[in-house]
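Participant: Starting off with a structure, shown below.
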Amino acid sequence: MTPATRQEVLGLYRKVLQIAKNWQSASGQVEETMREKEYIRNEARTLFRKNKNVTDPKLIKQCIEECEARIEIGLHYNIPYPRPIHLPPMGLAHKQGRTLRHQEKLRKISKPIYLKSHDEVS
């Protein structure tokens, strides 16, 4: 990892922790705010530790883009949790064979960038 990339990653981590520190839930309830703050800190800690040994520059760039996307979406919607994708559950595929594999491949490709690591952690 280059020094510039390292600084960018550390800056993102600090930014996420700062967001968690200043987070206010949409409902304004103290319990919910505390739960969401803890979720943000735990999610950041888990994902950053999981990816600490990544050395491929393309994969590092993808992780940085995912982090930035999740930050922007979370701040915009005031929801710390990843927004779900809305695809019909295998609605177009037959229950067997090549078409099902093709449908699963399309579903994987269509997953938004901010959800790439969410399924692996959750």
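The values are calculated or read from the model by the stated rules, or taken from the named source; none is laboratory data. Worth saying up front: this structure is predicted, and the values here are computed from it rather than measured. Note: ideal-geometry Cβ built from the backbone for every residue, glycine included; neighbour counts use all protein chains shown. Note: accessible area is taken over every heavy atom of the protein model, side chains too, but ligands, DNA and RNA are not part of it. Shrake-Rupley method; radii C 1.70, N 1.55, O 1.52, S 1.80 Å.
Participant: Considering each of 21, 52, 61 in turn, give the residue that is surrounded by 12 or more Cβ atoms within 10 Å (Cβ to Cβ) and farther than 17 Å from residue 83 by Cα.
Facilitator: Within the list 21, 52, 61, the selection yields 61.
Participant: Out of all the residues in segment 24-49, which are touching a residue at least 60 places away in the same chain (Cβ under 8 Å) and either charged (D, E, K, R) or open to solvent by 90 Å² or more (accessible area, probe 1.4 Å) (or both)?
Facilitator: Selection gives 43 alone.
Participant: Cβ-Cβ under 7 Å, sequence separation 6+ or interchain: first residue in segment 50-66 and under 13 Å from residue 2 (Cα atoms), partner part of a helix (DSSP H, G or I). Which pairs?
Facilitator: 54/60; 54/63; 60/5
Participant: Another question, then. Exactly one condition in (1) surrounded by 10 or more Cβ atoms within 10 Å (Cβ to Cβ); (2) assigned to a loop (DSSP other than H, G, I, E, B); (3) modelled with pLDDT of 90 or more is false for residue 82; which is it?
Facilitator: So residue 82 meets the others, but not (3).
Participant: Within segment 2-37, which residues are of a type in the set (Asp, Glu) and touching a helix residue (DSSP H, G or I) at 6+ places or on another chain (Cβ under 8 Å)?
Facilitator: Within segment 2-37, just 8 meets the criteria.
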